[in-house]
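Below is one structure, written out as structure tokens; the observations come after it.
The values are calculated or read from the model by the stated rules, or taken from the named source; none is laboratory data. Keep in mind that this is a model prediction, so the values were computed, not measured. Neighbour counts are summed over all protein chains in view; Cβ atoms, including those assigned to glycine, are modelled from backbone coordinates with ideal geometry. The area values use the complete protein model at the heavy-atom level, side chains included, leaving out ligands, DNA and RNA. Shrake-Rupley method; radii C 1.70, N 1.55, O 1.52, S 1.80 Å.
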Amino acid sequence: MKYKLYHYPFFAILSLVTFAFIFQSCGEDEMSEEEKAKNTIIATFENIRRIYSEEGLLKIKIEAPLEYIYQNEDLYYPSNFRVSMYDTKGKITTTLTADSGRYERISKLYHAYGNVEVVNYEQEQKVNTPELHWNEFKREIYTEKEIAVKTPTETLYGIGMTSNETFSKYKVWQPTGSFIYKERTQGFEKPDSTDMQNQKNTPYSNLQQSLPTQ
């Protein structure tokens, strides 16, 4: 068998390699601007306490030992993330604690990660989940992860939940444990980001009629 050897000009090969390198570099530069904004820390603060108010009344307080501010103005709290919510009299109604937290400025979303615990003192209610998200636009909190809801009279385990900001109203989308509950208020729509399938399980809500004790 005979093989034919092809000879290519050196400068042609060099031009192709150079073009490929430039093309790749341009693509990296285009993506790096957005990524840089997400990952470049421009300021760090210790022992922060952020206060949010409405019409002069304290509504929310965020506390953490460390806060990172990124170039795109996102915020990150790497440890001991804590949020306190207040009523019109300045009394704490709900607290949220987590291993870490993050705020996305453009989407107005707060995220809490790791050992998330929410306590509603008025309802004597506690919620535990590995991950929780707060939509500031919709004034709703949701998760697609496993949750446990505990009150003096009921315990509920499930996957996926939507609630109001104070957790006085909530709906669990996939109940996985036995429970007793009381009717309280209206239900919620699923968050837009969820992809959970609930064809076989009727969503649990603390608004529906009471179920018989198992």
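Worth a mention:
- Residue 101 sits among other residues whose Cβ lies under 12 Å from its own Cβ, and their net charge, with Lys and Arg +1 and Asp and Glu -1, is -3.
- Here the calculated FRET efficiency for residue 150 and residue 44, from their Cβ-Cβ distance with R0 = 25 Å, stands at 0.10, rounded to the nearest 0.05.
- Ordered by solvent-accessible area of protein heavy atoms (1.4 Å probe), largest first, the residues 92, 48 come out as 92, 48.
- Ranked order, 99, 74, 87 - accessible area, probe 1.4 Å, largest first: 99, 87, 74
- For the range 35-93, a crude dipole built from +1 on the beta carbon of Lys and Arg and -1 on the beta carbon of Asp and Glu, taken about the Cα centre, is about 200 debye to the nearest 20.
- Relative packing of 158-167, 133-142, 50-59, which averages over residues the other C-beta atoms within 10 Å, highest first: 158-167, 133-142, 50-59
- Surface composition of the range 37-97: carbon plus sulfur atoms hold 47% of the accessible area, using a 1.4 angstrom probe and ignoring ligands, DNA and RNA.
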